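Every read-out reported here was derived from the displayed coordinates using simple, explicitly stated rules and does not represent laboratory data. Only a predicted model underlies this, so the values are computations on that prediction, with no experimental measurement involved. Positions of Cβ are backbone-derived with ideal geometry, glycine not excepted, and every protein chain shown enters the neighbour counts.
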Amino acid sequence: MAVVWALFFHAMSKGGDRYIYISPTDNIDSVYAKLRPISNATSFAGFRILASVTGYAGHIRSGRYAVDNTGALFTFRNFKNGHQASVHLTVPSMHLVSDLGDVFAKKMKFTKKEFMAAATDSLFLDSLGYKPSNIIAVFVPNTYDFYWDISPREFIRKMAKNYDQFWTPARRQKAEADSLKPMQVMIIASMISEETNNKKEKPIIAGIYINRLRINMPLQSCPTVKYALKRFDLERIYTWMTQIDNPYNTYNRYGLPPGPIRNPNPEDIDAVLNFVHHDYLYMCASAKFDGTHHFSKTYEEQKAYSKEYDSELNKRNIK
């Protein structure tokens, strides 16, 4: 009995939870080569016995598998039946789908190139109701569980499904009450997330954008200019930058840009859905550089605040 316990029920892992990744090209020898270094010797022997008597060599399933304190019997069952250990994937808020591709490729089996091929495939995205310009919206920042060997297309499908679930009836009703579609909310949310980190100001800034949209006034959002230039580290926007010909430049284009300028956090999305109703049309960062803004109803007020802010930029030699 002691031998049986040691072979099949003693902890498989040498220490703690470990994982091995089996690809479709792996064979029994390569599986053993991955498993042996992290396994207790007796448990590894038990695994090999089970593999031999069940013909596992001819039925290897790819995936990410846990090697932990359970014994060889339970570990082998997972391997043989394809019971993978899911990947806990944290989706961050980022500017570009390609940036997200870098994050995903580090955790998943697919490469960044494979992911981008799916994320820029217009026909595929159209089948889901999206475009390359707005697919970033479905990657709502959160932590999700996926199987390591999921295909890029299935991964995007699942993210699109998660996005639909994020848009609860309550959220949809709030958007509809203000004549906004979910994607419009996502675009505005992406803009306010770039404008400020001040949680109290986000619903106010969202209200400014919505006020401008309603009177067909250019949004004149500096973050959209940074996005158009792909210069996200800019600390100062010059007039020539606001004149570039780019669909994301909201200084010389009316309405919203083609898509979100990043995948906004849930709190930014909810800030738009709960925007403050007011008469402001302008905002300017405070010359105190404390992360707050001045809000104005008239261009004259705005010019005064802007002059004060520009003067402080010059004093600080910010170019």
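Using Cβ point charges alone (K and R +1, D and E -1), the dipole size of the stretch 87-166 about the Cα centre works out to roughly 100 debye.
Qualifying trypsin sites (Lys or Arg not before Pro) in the stretch 281-315, where qualification requires a DSSP coil assignment and no more than 13 other C-beta atoms within 10 Å, comprise K288, K297. Extension gain, N69 to D310, is 80.6 nm, computed as 0.36 nm per intervening residue step minus the present C-alpha separation. Computed extension gain for S23 through N197, at 0.36 nm per residue and net of the alpha carbon distance, reaches 58.4 nm. Under the combined filter of DSSP loop state and at most 14 neighbouring Cβ atoms within 10 Å, the stretch 95-133 retains none of its chymotrypsin sites (Phe, Trp or Tyr not before Pro). Partners of K202 within straight-line reach, counting aspartates and glutamates whose Cα lies under 18 Å from its Cα and excluding those fewer than 8 residues away in the same chain: D178, E194, E267, D268, D270, D279, D290.
Take the Cβ atoms of Y32 and A177, set R0 to 41 Å, and the FRET efficiency comes out at 0.10.
Qualifying chymotrypsin sites (Phe, Trp or Tyr not before Pro) in the stretch 244-303, where qualification requires a DSSP coil assignment and no more than 16 other C-beta atoms within 10 Å, comprise Y254, F289. Annotation: extensible slack from F232 through I318 equals 29.4 nm (criterion: 0.36 nm per residue apart, minus Cα-Cα distance).
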